[in-house]
Each structure stands twice: as structure tokens, then as C-alpha cells.
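Accompanying notes for the structure given below.
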Amino acid sequence: QVQLVESGGGLVQPGGSLRLSCAASGPLFRFNARGWYRQAPGKQRELVAAITKVGVTNYADSVKGRFAISKDNAKNTVYLQMNRLKPEDTAVYYCNADLWVVGGDNTNYWGQGTQVTVSS
């Protein structure tokens with residue numbers, strides 16, 4: 001019943017921007033965003049941006065200075081603002097969060113993935 005729903009992906013030209021959103025839905029008791037990952041064709045899934053409960057952030061060197069992660073706990077949503085996009089940013093992006101289901105235990109969840117394609 002509880003899931004993470006991603007949106008905001010698409011096709012963009014190099015140098016452009018996109019904002020990804022990841023919102024938890026269902027009978028949720030508590031939401032703890034972990035971060036964003038991506039997986040490009042032929043490559044392993046990698047951490048793009050992480051965020052702690054108190055808002056401390058960490059970024060992969062490849063996106064540092066271009067991407068920004070943020071969250072709105074009141075909306076059970078985590079965002080990834082992507083600026084100055086490069087073709088190498090092309091990948092499927094996944095959000096990750098710990099969710100406490102009402103009447104259940106804490107479980108780590110992945111979003112369904114959203115495609116980001118950066119191309120001329």
C-alpha cells in the first residue's frame with residue numbers, strides 16, 4: 001500500500017535543468033528521505049545525493065555544484081534539482097527512503113525510477 005512515486009524526468013538539452021520529485025503515498029506514519037541514486041546503461045547504480053534527518057547533504061563528485069537535494073517532510077516528499085545537465089547525467093533516477101507504515105515496521109523503499117535523458 002505504501003510506495004514512493006517519482007516524477008519530473010524527461011528529455012532535456014545539455015545545460016538545461018530538471019527537478020525530480022519523489023512523494024510517499026499510502027497509510028504512512030513516518031517518512032525519512034535517504035537520497036537519490038541513478039543507473040546508466042552498462043553501469044552500476046550509484047549514489048547521486050544523500051540527505052540526513054537534520055538536512056546535511058552529500059553529493060557525488062560528478063554532480064557536486066550542479067545538483068541539490070531537498071525535502072519537505074510535511075509533504076513526505078524529497079526533491080532533486082538538477083542544473084547544468086550533461087549527457088553523462090543520462091540515467092534512470094531512483095529515490096530512496098525509509099517509511100514507517102501505520103501499524104507496521106520500518107522498511108526501506110525505492111521509487112519506480114524516472115528516466116532522465118540529456119541530449120542535443
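The values are calculated or read from the model by the stated rules, or taken from the named source; none is laboratory data. Nothing here was measured: the structure is a model prediction, and the numbers come from that model. All Cβ positions, even for glycine, are placed from backbone atoms using ideal geometry, and neighbour counts span all protein chains on display. Side chains included, ligands, DNA and RNA excluded: accessible areas come from the protein's heavy atoms. Shrake-Rupley method; radii C 1.70, N 1.55, O 1.52, S 1.80 Å.
The criterion of at least 3 residues that are on the phi < 0 side of the Ramachandran plot and surrounded by fewer than 19 Cβ atoms within 10 Å (Cβ to Cβ) is met by the following strands (runs of 3 or more DSSP E) wholly inside the stretch 1-50: 3-7, 18-25, 28-39. Residue count for the stretch 77-107 under the criterion of being at pLDDT below 95 and polar (S, T, N, Q): the result is 2.
Selection of first residues in the stretch 9-37 that are within 16 Å of residue 99 (Cα to Cα) and hydroxyl-bearing (Ser, Thr, Tyr) and of second residues that are open to solvent by 60 Å² or more (accessible area, probe 1.4 Å) and modelled with pLDDT of 95 or more, restricted to Cβ pairs under 7 Å at least 6 apart or on distinct chains, gives the following pairs, ordered by first then second residue: 25/5.
Only one of the numbered conditions (1) within 20 Å of residue 7 (Cα to Cα); (2) assigned to a strand (DSSP E or B); (3) in contact (Cβ under 8 Å) with a residue 40 or more places away in the chain is violated by residue 84, and that is (2).
Applying the criterion of being open to solvent by less than 40 Å² (accessible area, probe 1.4 Å) and farther than 22 Å from residue 14 by Cβ to the residues of the stretch 59-93, the residue that is farthest from the chain's Cα centre (by Cα) is 77.
Scanning the stretch 51-76 for residues being part of a strand (DSSP E or B) and closer than 18 Å to residue 16 by Cα gives a total of 3. Scanning the stretch 94-114 for residues that are over 19 Å from residue 8 (Cβ atoms), surrounded by fewer than 14 Cβ atoms within 10 Å (Cβ to Cβ) and not β-branched (Val, Ile, Thr) gives 103, 104, 105, 106, 108.
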